[in-house]
Structures are given as structure tokens and as C-alpha cells.
Amino acid sequence: MFLNPELRRNIWLEFSIHRIIITPVTIGLILYLVYLTSNATKSAEIAFDIACFFIFLWGTKNASETVINEVNGSTWDFQRQSAISPWSMTWGKLLGGTLFSWYGAAICLIVYYVLHAHDAMHGILFQIPNELTPEQEILLLVAGGLFGQAIALLSSLQVLPQIRREKTNKTFRYFIVGAISGIFITSYSFQAVKAAGVQVKWYGFHFAMGNFALTTLVIFLGWAIVGLQRSFCKELQYRNIPWMWLLFNIFCMVYFSGLVSIDKLDIQASLSEIKDIQLLIQQAPLYIAFFIADMLTYLALLSDDLNVVRYKKLITRFQERNYREMLQQFPWWPISYVLAIVVGINTYFNQKIYSQLFENFSPAVFIITNILFMFRDILLIHYFFFDKNPKRNVGTIVVYLLILYVLVPMILQALHLYDWTALFIPSWGKNTTIAVISALVQIVLLAGMCRQRWQKAWATA
């Protein structure tokens, strides 16, 4: 780890004698001032808060900027041409780019631990039942901080092609994504560990909520690091078959659907208690898996690099029967979309019982219209990605999706044209003909538009 050239480079860049000395002196003065004006308990709380500032704000901001600043400074291409491996780049950027923030956080957490041990001997701090030990708090904080920083760095890596095209250096959005993700999952883990005696039911098995939350945090941190490694593989021109994305899709579907699973013996008893579609989904694990596949399809569409050149390479490799390189060019979204179709079919055949809940509810219509409207969105997204100058295409796509799924249906409902909302959003049984015909018409129109833009781009690719 310490022989990692990227990590050593960041140590030289981030640390100086001045920063090494002034950081503990400043933190020490602040905490000593709090101690003089209050007590050791308050100093420990402030030390913990400052550590959170270093980890979730300073560290996450540095993580979101570490590669984009290299691109803006025209030094990233030199690193891409170096002999450094993707794993070395992953750890070098994730830890090296945030090393100074961890230095400040470590000082605060050491002070916090010392004050905690001092006051615990006097019976002052943390004697309330179900409170966390300092070791547990520090472990959760470090794991949650690493997760937030990894998400910020991963988000910035996904848009590097767009950044190169638009010559933009905006990193605030990736900092916000990482900070919110890290703070949310850390806060949830803290509350879960404190909830002594509370259990989580997952596929019929009962687990202590604290252990389950901590395991979940560690697992998703692992997935974030794997995502970073695969993203650096792409940047360093290492071509990989997207089998890891397939595994991530399967894992997410299995994990989240298990959280709402129920025993088969409880189904009939639960039917009388379910009153609306929201509760239906909560009681139907396969529907959750279907929606997870849907969301991952959109995530793949908006984060992957979809352009005519890539599709042209894929088609060429297929014609050459070079299937390995064809799979290396394969986009992520078909994997998630096919999984959504497979899970949708499985949902229809295995959970027909839920159609008894509503007079007009049809699992077949619900699943088919979801798949059709999702295919419409796939074509819409490709239409913008096939543009010759696809600047700010992600923002434009999000706006159009909000118009189609939120604004227009709200306007129709305000006009009391409830039946016509099926023109733009999936149906669960009512107005089936309108929903299916509308989705097919939109698919045909967008397919024609994509074909025209494809032909223009293909001629110049």
C-alpha cells in the first residue's frame, strides 16, 4: 500500500511542515477552549463533530475533485499512459486524494477516544444503555466516510467523457451526492446499532439490526470500491466484460427484495390488511426486484458512455465474430433491461395472488406497460446521446423524463382527465388499450428519430 506511487505522490502534494503542525495545534486550541468554557463532555462532542466535518465535507469534496482537477490541469492523460494498475490507481486516488482530511479526522478521533476513556472512568459519559462504545462509533464513522468519498469519486469518474467534451470543471454535484450518501448510511448505521434487541427479517431469517446494518455498510463499501476499480480500468484502457455489473444487479435485486419478504403462510392473512398499491409493493418481493432492475437500467443509461462510435465497434466485432472484444464494448443497460423483463415474467407467474387486491389491477398489464415505457425512455436517451454535440445531455434527459412522468400527468389530473394519464405513465389495469397503444406509438416515433440521428452520426464516425 505505502509503495503505491499515486499514494506517495499525494502525500507529497497534500502535506507540508506547515500543515502538519498547524492542524493539530488549531484543533487542540479549539477543544481546549471548549474544555475551559464547558467540560470534557462538550470537548469530546466537538471533537467528534470536527471529525465528521473533515470526513464528510472536506474529504468528500477532495474525493470529488481528485480526478477532475487532474483533467482540468491537463495531467490526467499522463497518468493514463503510465504503468500504474487500476487497483493502485483506485487506492491511490481514494486514500491519497483525501489523506489530509483523514489526518485531521484522526487527530479529532484520538482526542475523542482519550476524553471518552477519561470520563468513562468517572462515570460521566456514555453510561446510558444501548449507547455505542467509542470503538464502534469510530468504526462506523470511518466506514461511512469511506463509502461517501468512494461514491463521490465514482460519480465524478462516470462523467469524465462529458467533462472532456464540455470543458467543465463543476464538481459540486458529485460532492453533494457523496456527502448525502455517506451521512445517510452512517446515520442509519448509528441508529441501527443503538437499537439493541431490534431484529431485521431478511428472507425469513432474523438478524440483529446493528449487525445487519454494519454488514450492509461494509458490503456496499466493497461494491463502491469495485466500481472504482472498474471505472479506472475503463480510463486506463483496460477492457473488461461487464460481468461485474451483472453480479451487482443480481445482488441488489436479491438484497432489497429480501427486506420485504414474507412467509407464504402469511400471504392470505396479509391480503385483508393491504389497502393500496404502496402496501402491495411492500408485501411483494418480486415487485421490488423488478423495480430495482428498472432503476439500475436508468442508472446504466445515464452513467455509461453511449455513443455511435462505441456501437459501431460493437457491431464490427460481432461481424468479425470476435465475441470477446464485442462483449468488452457491450453497454450496461441491456443487462439490467433483460433482467427486468425476466423478473417481470417471473413476477407475473409467481405472484398472481396479489391481483385479488384490486378490482382493476392486472399484474400482466402493470409489467408490460412498465417494460414498454422503459423502452421508450431507452430510445429517448439514445436520441440525445447520438447527437453530434451532446452537451449537457444528461440534464436534458432528466428534464424530459420529469415532464413525461410528472408534469404532464399532473396537468391531466388537474384537468380531471384521469383516464388520459395512461398516455405517458404505465398502467396497472385501467385504460390498458390507451397505455399500450400510446407506448407503441411513442416507441415507433422515437425509433425513427434515433435512426435518422444514427445514420448522420454513422456517416461521420
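The values are calculated or read from the model by the stated rules, or taken from the named source; none is laboratory data. In this text, all values refer to a predicted model and were calculated from it rather than measured experimentally. Quick reminder, even Gly has a Cβ in these numbers, built from the backbone with ideal geometry, and neighbours come from all protein chains shown.
What residue, of Ser85, Ser101, is out of contact with any Pro (no Cβ under 8 Å at 6 or more places or on another chain), among the polar types (S, T, N, Q) and over 20 Å from Gln149 (Cβ atoms)? Step through it out loud before you land on a result.
Numbers: Ser101 fails: over 20 Å from Gln149 (Cβ atoms).
After ruling out the rest, the residue left standing is Ser85.
Within segment 9-19, restricting attention to residues that are in contact with a helix residue (DSSP H, G or I) (Cβ under 8 Å, 6 or more places away or on another chain) and assigned to a helix (DSSP H, G or I), which residue is modelled with the highest pLDDT? Only one residue fits best here, namely Arg19. Within segment 44-64, count every residue that is surrounded by 21 or more Cβ atoms within 10 Å (Cβ to Cβ) and within 13 Å of Phe175 (Cα to Cα). Total satisfying the criteria: 8. Residues of segment 202-217 that are surrounded by 15 or more Cβ atoms within 10 Å (Cβ to Cβ) and either within 18 Å of Glu137 (Cα to Cα) or of a type in the set (D, E, K, R) (or both): Ala208, Met209, Gly210, Phe212, Ala213, Leu214, Thr216, Leu217. For segment 25-40, a residue qualifies if it is in contact (Cβ under 8 Å) with a residue 12 or more places away in the chain and surrounded by 16 or more Cβ atoms within 10 Å (Cβ to Cβ), and the qualifying residues are Ile27, Leu31, Val34, Ala40.
Just checking, does segment 342-351 include any residue being at pLDDT 90 or above and more than 21 Å from Ile437 (Cβ to Cβ)? Can you show your working first?
Keep residues of segment 342-351 that are at pLDDT 90 or above, which gives 342-343.
Next, from what is left, pick out any that are more than 21 Å from Ile437 (Cβ to Cβ): 342-343.
Yes: segment 342-351 contains one or more residues that are at pLDDT 90 or above and more than 21 Å from Ile437 (Cβ to Cβ).
Within segment 68-83, count every residue that is buried (at least 17 other Cβ atoms within 10 Å of the Cβ) and more than 25 Å from the chain's Cα centre (by Cα). The qualifying residues number 1.
Among residues of segment 440-461 being of a type in the set (Gly, Ala, Ser) and modelled with pLDDT under 90, the one that is surrounded by the fewest Cβ atoms within 10 Å (Cβ to Cβ) is Ala459.
Within segment 130-143, residues that are in the same structural domain as Phe190 (by TED's automatic domain parsing) sit with their Cβ atoms under 9 Å from residues that are of a type in the set (Gly, Ala, Ser) and at pLDDT 90 or above, at 6+ positions apart or across chains, in these pairs: Ile138/Ala51; Leu141/Ala51; Leu141/Ala105; Val142/Ala105. Contact map, segment 69-81: first residue more than 16 Å from Pro5 (Cα to Cα), second residue assigned to a loop (DSSP other than H, G, I, E, B) and not hydrophobic (A, V, I, L, M, F, W, C), Cβ cut-off under 7 Å, separation 6 or more or different chains; pairs are Asn72/Asn169.
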